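Below: the structure, in structure tokens.
The values are calculated or read from the model by the stated rules, or taken from the named source; none is laboratory data. All figures in this text were calculated on a predicted structure; none of them were measured in a lab. Neighbour counts are summed over all protein chains in view; Cβ atoms, including those assigned to glycine, are modelled from backbone coordinates with ideal geometry. Accessible surface areas use protein heavy atoms only, side chains included; no ligands, DNA or RNA. Shrake-Rupley method; radii C 1.70, N 1.55, O 1.52, S 1.80 Å.
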Amino acid sequence: MYQNCILRLDQAGIGDIALVGGKNASLGEMLRHLTPLGVSVPDGFVITVEGYRAFVEANDLEPAIKILISGIEPDNLESLRRAGLAVRQIIRNARFPQEISKDIIEAYYTLSKKYGQDMTDVAVRSSATAEDLPDASFAGQQETYLNVRGPAALMDAVRNCFASLFTDRAISYRAHFGFDHFAVGLSVGVQKMVRSDLGVSGVAFSLDTESGFKDIVVINGSYGLGELIVQGSISPDEFIVFKPTLKNNYASIIEKKLGSKSQLMVYGDDPDERVKIIATDKSAQGEFCLEDENILKLSRWVCQIEDYYTGIKGYWCPMDIEWAVDGLTRDLFIVQARPETIHSRREQSKLTEYTINRNDEKLLLKGIAVGDKIAGGKVSIMHSLDKRSIAAHDFKEGDVLVTDMTDPDWEPIMKKASAIITNKGGRTCHAAIVAREMGVPAIVGCGNATEILREKQIVTVSCAEGDEGFIYSGEVDFTKIETDLKDLPKIKTPLMLNVGSPAMAFQYAHLPNAGVGLARQEFIINNHIRVHPMALLKHKELNDSKLSEEIEILIRGFKNETEYFIKKLSFGIARIASAFFPNKVIVRFSDFKSNEYFNLLGGDHFEPAEENPMIGWRGASRYYSPNYKEAFGLECKAIEYTRNKIGLTNVAVMVPFCRTVEELIKVKETMKEFGLEQGKDGLELYLMAELPSNILMAKEFAKHIDGFSIGSNDLTQLTLGLDRDSSLVAHLYDERNDAVKTLLRMLIISAKESGVKVGICGQGPSDYPDFAQFLVELGIDSISVTPDALIKTVKAIHIIENTHN
């Protein structure tokens, strides 16, 4: 009498959504087609929509349910609660037709026997026919029951799943979108239970959910059942894997971020307590919940699932996947997979430019513009980063940061700011560099912003009016102009990007580019490693227990201090290199000055006090020095790991602030000592041309490198003899000065005669389109700019290239 009410899970497939719902259709499809390829999915069976409808019909439930639902007052929550509870109670009190009940119990015993048990633990999951529709998502509205054992408990769980079709939220949602309550059917999946309460569970996406970047797998995981991750109640571990090199069998993990994992959800001790939350063991909190082997295995499965669904749908189909590790067997399973329907639809072909409707009467002050955006918000004046200052100001997301000047310690605050204003600094000071990387407008060198602006005052910060930045009182009207990247003119000169922050790399990956002309290691060291490398290596030899305690906390999850530095630096580099793969990414070795290294954790033990750190112990002079050589070795090993273990062979390296040819040779010898050799496995070596000596001796330097990259910031400073961070002489700082241009002309001629490449990664082309045009006319091989300068630079280069044609 009752046909098609029970199916084995592997009898269902993606074409059976109307019969088994979205979840079960997906699980069945994977069981049939992906388990033969090695993807593990727990087996089970399905009570179909036909079974649900037979249950409703046999008990004559529809008339009573319709009466209750029709009496709901849409805007009355109490009315909804009363009706919903009554509907669910009617369903829970109903009985299964004997034939269906018998079939369910037989299917349960067959499943138990397959796993060598008389009665096995199962997960009982609701699977609605309206899940994951393009214009409405019903996912998560129905219930799942875990750790169910025995026929009686199973039948109760199935009834409860049926009842959950009428949860308050489901009734309200269907009413809001105009769906017929009886047009939506419910299927129930009964699946072998994965004991993740004793193991690990989580979610995985086959794209970056923030930027939509396609080439990575993002995994979040924690101990116990996965519900706390879904709720956002805990901070899980995060792992990111790069797909292209994973498919070539590299150890392609490009990020491992330790979460707090302070709690875990496990099963309760009695039938009335289905689950409970307990504290995670302290030692477990300090370890990653997944080993590398399982991270890579899970990532391969995610790729297989994505490739399979993309194949059957005929278009790119990124996936949202739930996974679990059984704590008893240590086996990894996929327990759910559905198409990702939000982030994959984002429009990434547009960039935005800003134009202000200027009102001089509202002008408060001005300074040097950084970037070309406009933003506003409440002023928050912060003079320091001591605890009292931070607590007093309670800096909020979207506030305008106003301060004297910044250093790397300010970056967590800067990331929350809508705009940044400083009294001091020039266009290449720390605040300016970080603001560019973050895409946040900044005005530096204002002189007395902390005195003129008032706490909580509403201001508009405009960097869209040329070299000068303007701060207006109140909310000033401005216009945003969107440019479709597909409409940008084609240019012949390779245009690269300057990217310092690994966190921003995926967001820039869709921009038209020829790679990365400058990736700064010091940004990664400051933000990801957060400790002086020599302090990391030598802290146990120092009489500083507080430092050692802080370092022990930092390196949790890693074998030792050396692995921590190498892996964390490698992960930062790899995020940038993967975002632009296979285009070249030129990574500059660390170029902190001694005063900046001093501010890193433990730096006070290893850094000298220099009168002028800008032209002191920095760049190449550190790398072969006995006082820093061991730390430089870690940088070399991080590059080697990124290229040879992760497979990102698009990484090249660059030596900054190298004063003499002899010094360059010493650096190359030191690199080789630590496993990095120019030319080996295609490794390219570049020299930052930022000293007059680099220009004057260019042909000699060229014998030992693959190319030059012009650092116009320091070159301008050292050519004109001024402090680039001083607002007092900022009016003299200009890369377009004839003396600087003369040196650049000399370098490009010498490089071409020597047969090596020459590009520029300094700030000049980003700020001045005419400077970019000047370099194109000289025949420069590539230009690298900050992402916010991309559009105007492309347009400027197009004009000059067409002029010459």
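Overview of values
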quantity	calculated
Relative contact order of region 513-648, pairs being alpha-carbon contacts under 8 Å that are 6 or more residues apart, as %	36
Beta bridges per DSSP with both ends in the chain, % antiparallel, nearest 5	70
Pairwise centroid distance, computed over Cα atoms, of region 763-802 with region 273-338, Å	45
The chain: relative contact order as a whole-number percent, Cα under 8 Å and 6+ apart	9
Net charge over other residues, Cβ less than 10 angstrom from the Cβ of P512 (K, R count +1; D, E count -1)	+2
Computed label-point distance, nm, for sites D292 and N93 using a 7 Å Cα→Cβ extension	6.1
Among I491, Q507, I471 the positive-end extreme of the charge dipole of region 469-516 (Cβ point charges)	I491
Label point at E669 placed 7 Å out along Cα→Cβ; residues across region 689-722 whose backbone nitrogen lies under 20 Å	700-706
Exposure rank, largest accessible area first [D331, D215; 1.4 Å]	D331, D215
Those aspartates and glutamates that a straight Cα-Cα span of less than 13 Å connects to K540, excepting residues fewer than 8 apart in one chain	E549, E550, E552, E561
Structure-based [θ]222 nm, the chain - -39500 (n - 2.57) summed over DSSP H runs of at least 4, per residue, nearest 500	-10500 deg cm²/dmol
Segment S172-E753, extension gain: residue separation times 0.36 nm, minus the distance between their alpha carbons	201.7 nm
Heavy atoms of S26 accessible to a 1.4 Å probe, total area in Å² rounded to 10	0
Degrees between helix 738-754 axis and first principal axis of the chain (Cα, 0 to 90, nearest 10)	70
Residue-span extension gain [L696 to D60] - 0.36 nm each, minus C-alpha spacing	219.6 nm
Alpha-carbon centroids, region 544-581 and region 586-613: separation in whole Å	18
In Å², nearest 10: area of D681 left accessible to a 1.4 Å probe	100
Label selected from (1) 62, 35, 23; (2) 56, 30, 26; (3) 46, 36, 33, the criterion being semi-axes √(5λ) of the Cα gyration tensor in Å as computed here	(2)
Candidate lysines - alpha carbon under 19 Å from K546, same-chain residues fewer than 8 apart omitted	K387, K538
Sequence-distant lysines (8 or more away, or on other chains) whose Cα lies within less than 23 Å of K113	K102, K192
In region 632-732, lysine pairs with alpha-carbon atoms under 22 angstrom apart (chain gap of 8 or more, or interchain)	17
Acute angle (nearest 10 degrees) that the helix 77-93 long axis makes with the longest principal axis of the chain, alpha-carbon atoms	50
Nitroxide proxy distance, nm - points 7 Å out along Cα→Cβ at Y2 and L511	6.1
Angle in degrees between helix 769-778 and the longest Cα principal axis of the chain, rounded to the nearest 10	70
For H605, solvent-accessible area (1.4 Å; no DNA, RNA or ligand), Å²	80
Virtual spin-label span in nm between K415 and E552, 7 Å along Cα→Cβ	2.7
Cβ-placed point charges (K, R +1; D, E -1), dipole of the chain about Cα centre in debye, nearest 20	1000
